[in-house]
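Structure first, commentary second.
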Amino acid sequence: MARQMTPADLLLGRKTYDIFASYWPKHAEGWPGINDVAKYVVSRSRKNAAWNNSTVLRSVADIRALKRSKGGDLKVWGSGGLVQTLLKHGLADELWLNIFPLTLGKGKRLFAGGAIPAAFTMTKSTVTAGGIIAVRYARTGTVKTGTVGEA
C-alpha cells in the first residue's frame, strides 16, 4: 500500500475527486505530498476544481493529450467508470489491484457488463498475513485465447 501512495499525478473520476478533495487537504499527514501533486478530474459537469493543483478534463481526447505530455506517471484511485473508459480506449498501461478476503454483496463491479477485452501480464504480487492480495499487471496487448495452463 505504501508503494501505491507514493507521490504521482492523480487521474480521478468526479465522485472520487469529490471524496478526496473533501478529506485529504485536512489529513495530508496520512499521505505526504497528496496536496502538492497534480490532480486531474474527468468530468463533463464540473466547472472548476478548487483543490490545490487540480485541473478539469472533459473528454477522452483530453486524457490522451495528458498522457502524451511530459508529466509523470498517472495513478487512478477508485473511479470504476473512469477505469472502464481508460480500458475501452487503450489508455490503461497497468492495473494495481488489492483483493480483500470478504464479500459485501451488491456493489460496483470493475469488470462487469461490457468490460473491454485486454491482455495483461502479472509483474508483481504479494499476499499479506491478513490474506489481502496486492497484484500488479502490465498491459501486453490483445487477448490471445488458448487452454488453461498455457502462458
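In the chain, the portion of solvent-accessible area held by carbon and sulfur atoms comes to 57 percent [1.4 Å probe, whole percent, DNA, RNA and ligands not counted]. With coordinates expressed along the principal axes, the C-alpha atoms belonging to the chain extend over 50, 39, 34 Å, beginning with the largest. By the rule of a C-alpha distance below 13 Å, with chain neighbours fewer than 8 residues away ignored, the aspartates and glutamates paired with LYS39 are ASP9, ASP18, ASP73. Helical runs assigned H by DSSP (4 residues or longer) give the chain a calculated mean residue ellipticity at 222 nm of -5500 deg cm²/dmol, each run adding -39500 (n - 2.57) before division by the residue total. Among the trypsin sites (Lys or Arg not before Pro) in the stretch 15-103, those placed in a DSSP loop whose Cβ has at most 11 other Cβ atoms within 10 Å are ARG44, LYS47, LYS70.
Per residue, the stretch 18-151 exposes an accessible area of 69 Å² to a 1.4 Å probe, with every protein chain left in place.
The values are calculated or read from the model by the stated rules, or taken from the named source; none is laboratory data. All of these numbers come straight from a predicted model, not from anything done at the bench. Every residue, glycine among them, receives a Cβ derived from its backbone with ideal geometry; neighbour counts consider all protein chains shown. Note: areas computed on protein heavy atoms with side chains; ligands, DNA, RNA excluded. Shrake-Rupley method; radii C 1.70, N 1.55, O 1.52, S 1.80 Å.
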